[in-house]
Every structure is written in structure tokens, then in C-alpha cells.
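Okay, structure first, notes after.
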Amino acid sequence: MDLSILTENWTVLLPEIVLTLFVIAVMMVDILPGRNTSSSKILANISLVGVIVALAANVYVWTLPDAVYLGGVAADNFTFGVRLVVLVAALLGILLSSDYIDHITQNVGEYYSLLLLTTIGMMLMGSAVDLIVIFLALEIFSLAIYVLCGYHRENPRSSEAGMKYFLLGAFATAFLVYGMALIYGAGGTTNLRLLGEIFNNGGGNLTFLLPGIALVIVGFGFKLSLVPFHMWTPDVYQGAPTPVVAFMSIGTKTAAFAAFLRLLNEALAGQQETWGWMLAALAILTMTVGNLAALRQSSVKRMLAYSSIAHAGYVLVALVPATAEGAGAALFYVFAYAFMNIGAFAVVIALERIGEGDVEQERFNGIANRWPGLALAMSIFMLSLAGIPPLAGFFGKFFVFRVAVESGWVWLVVVGVVNSAISAYYYLRVVVSMYFSESTVASERRNWLGLNLGVALTAIGTVVVGLYPTFWTNLLMGLGG
């Protein structure tokens, strides 16, 4: 995008403005007298409408010419794609929360307000083209997600998850800010595109730049659950309310990957030979440790936590070459991953006991005999996460690996393929237990409207993106540039 295309037109931020207005609406409705069970449904419906209107606003902004608002926020193809994925995750997260949240807290209005504020921060982070805006967006969504992770205050695991995420998140943010300060010191500006021009023309101070890159990678590594910065992920995923985990597993990664990708591709592309090998090493560690650790888990939420770590490694493969094609492949991957991963957490919610917050794998034993539709949906999600064709997960990995091969990183793709084969074991283990194992524990199924709709939408999305990939690949793969 041409740096000269600057605007003071607030339309660039229309989706964020829309959601902000709905946050205010949710808080105003929440303080009205006469709160009852139906009030919770009203708040959920207001939040759903807000996300849908924001989706429409996102499409509208996409039809307008590319622009940069006050030099800090970009409205371009990539911004549209990031907002699309985050808003889809938010919509599904609200559906999964619509009945669940009543059982863990009476503060329903605050919950939906925080969820929408988190969504705003995530979208803003994906559109930021300035180091200061990236930091502000990061804080907007991080502070809200810390609270959401600890929202089930009667569950000690939830309180532990929120506190652990907050403390480690604050520590990692310090690395990120220090790294940004050094990059600013090296280039003399916080604008990513101006930094790119300076560094690509041989300017800048390498004494500041190289340590800055290293510290920024550490900071983003925490947000993306990259090994060895992943320690918080299993505990937070296991302890936090499951609808929050489902949403954050997509939204947090999408926002962090988007900001990380913009920083690398627009400001630091000239240093790719330096940081490319660092990312490749992190990708190998992340894929391998995530998959090997997932093999040993009996808790389904912890298994999905380590699975999410491994998938972050797959997406990181697309960032290594620093190309527009890699950006598009990463965007397609997180879009496909949104359906299958949120769907898997939706099935976990369906089998949870009220207030329990987790499910052991043995509870999946034999559920195909009692709830064949639920077992079929979970099978779709597990097979897609394993990368089995023709589901969405297969095409996500295919495009990521293809970009890396075309850029000469064949050995990195070989490691990724081997890890995909390893992951098939623990995904298929869930499928086998549902269809070929006898039930050993008493289990019940949550039969909530929002939950059922969430399971159906995610299953359909996983299949449709896989069976009819042309439209989605043409759309999302073309947004990287």
C-alpha cells in the first residue's frame, strides 16, 4: 500500500466503532432493573447482532479504496481477512456462551462486554501499522481476556488460569515493548512502512535493531504459544471457562500472528535472512513439542491446548519466507482452524458437567451409540485437525507447506509433515474411543440451542471449506498482499 494514501476518515475503523457502540448497549441494558434469565438471552442476542453488524461493516470497508487512518491503522485486504476470522470466532464464542455463562456467574453483562472489547482489540491489532497502535491494541484485548479466563470465580482452576495468564502475560509484554523501543531507536519512527523503507535502504542502527528483533520474537512467542514460551497454555486452557478458551484459541492467535506478520513483512523484510532461521527453529520446536506432549494427555482440554501449540508451529512455517503468499496461506489456515478448533471445544462443552470445566477422554467412550450426531461432528473436527483430506485442515496445511517449499524451505516442510503424522495418533484416538470403546463412566449431554447451533455451524464450515475450497482460497489467499 502506498504510504501517501493517508486519511482522517473514521470509516476505516467502522467495524471497531460498531462493536464499541454495542458494548455500550450491552452495559446499558445490563443495568436495567428486573434482571432475570431472559435478560441473559437478551444480552447474548445484542452481542450477536453487534458481531453480525460489524461483519457487514467489515465487508463495506473492504469495498472502499485502501487507506491508512492517521498513519496508524490500515484498511486493506489483509485487515479485512483478519477482522473476518476474529468476528467469526467471536460469533461462535457468543453462541457457545449463551447458556453456559448463566451457570457460572450472574455478571452476564460484564462477560459479553469484555468479550466484545477483546474482539475490538484483536481487530485493531490486525489492522495496526504502527508500533504504538500494536501495543495499545494488545493491551485492550489482553486485559479483557485475562479477566475472562478467571471469570468462573468459584472454580479454583479458573482463578489460577486468570492469574497465571496475567502474570506471565505482563512479563512477556515487557519483552515486546522493550523490543519495540529498540526497533524505534534503530529506525527513528514507529511506522512499520517507514521503518521498512529505512532498513531496506541500508539505514538504521543494527546495534539496536538485532536485539530488538530478538526481544519482539520473545514477546510474540508468548502470545502465540510458541515453544519455549508456551508454559502457560495448558493450564490456562484447562482452567478457563471453555467458551472463553474456544474464542481465545482463535482470536488471540489470529491477532498476534497478524501483527507479527505485518512487523516482519513490512518493517523487517530486509532482515529475513537473520530472523527467518530463528522462526524456522521455533516452528520445529513448537510443532514437535506440542504434538509429543499432546500424545500423553488424558484431559481433552489439555490435549487441545498442546494441539493448538503445534498448530501455531504450522502457521509459523508460512511466516518464515516473508512473502505475500505466505501471509495469505497463514490467513487461510487460521480461518479453517477457527471452525474445527472451536467446534472441538463446543463438543467438550456438550459433555462437561455443570461447573466442572474439563472433560477426561474416557468420557468420549461409546458416545456414538447415544449421540451419533455429536460423535460425527467431533470426528469431523478431529480428522480436520489431523489434516485428513478433503476437510478444511488438509488445505490449510497444504497451502502453508506449499509456500515454504516454493521459497526453498523443503526441510522445514518435511519436519511439518512428520509432525502431522504424529498428531494423527492422538486425534484418531478420540474417534476410536467414540465408536469402538465401551462407555466406562456416566455422562450426560448439554442440549442447549446456542451450543447445538455452534456445533452444527462449525461442522458445516469445516466440511464446506474443504469440499469447496476454490472460493475460500481465492478470497483468503488473495488477501495476503
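Just so you know, all these numbers are worked out from the coordinates, no wet-lab data involved. No experiment lies behind these values; they were computed from the predicted model shown. Please note: Cβ atoms are built from the backbone with ideal geometry, for glycine as well, and neighbour counts cover all protein chains shown.
With the crude spin-label approximation of a point 7 Å out along Cα→Cβ, what separation in nm comes out for ALA456 versus SER298?
3.6 nm
Any chance you could run the full-extension gain for HIS103 through VAL432? It's 0.36 nm times the residue separation minus the Cα-Cα distance, nm to one decimal.
My answer for the length gained is 115.3 nm.
Once all Cα-Cα distances of segment 65-149 are split into 10 Å bins that start at 0, what whole-number percent is in each one?
17, 44, 27, 11, 1
Treating only the Cα positions of segment 93-213 as identical point scatterers, give the base-10 log of I(q)/I(0) from the Debye formula at each q in 0.09, 0.13, 0.18 Å⁻¹.
Normalising to I(0) and taking log10 leaves -0.36, -0.64, -0.93.
Using only alpha carbon positions, build the gyration tensor of the chain, then give the equivalent ellipsoid semi-axes as the square roots of 5 times its eigenvalues, largest first, whole angstrom.
Taking √(5λ) for each Cα gyration eigenvalue gives 34, 27, 20 Å.
Sorted from largest down, what three extents in whole angstroms do the Cα atoms of segment 1-156 have along their principal axes?
53, 30, 24
Work out how much length LEU376 to VAL53 would gain on full extension: take 0.36 nm times their residue separation and subtract the Cα-Cα distance, in nm to one decimal.
113.1 nm
Straight distance only, please: which lysines reach the Cα of LYS301 with their own Cα at less than 21 Å, same-chain residues fewer than 8 apart left out?
Within the straight-line cut-off, LYS301 pairs with LYS164, LYS223, LYS253.
Out of every Cα pair in segment 260-337, what percent are spaced more than 15 Å from each other?
Distances greater than 15 Å cover 58 percent of the Cα pairs.
Ignoring trypsin sites (Lys or Arg not before Pro) that are buried or in helix or strand per DSSP, and keeping those with at most 12 other beta carbon atoms within 10 Å, what is the longest stretch of the chain between them?
It runs 297-481.
What residue among TYR184, ALA144, ALA322 has its Cα farthest toward the positive end of the dipole of the chain, where the charges are +1 on Lys, Arg and -1 on Asp, Glu, each on the Cβ?
The one lying farthest along the dipole's positive direction is ALA144.
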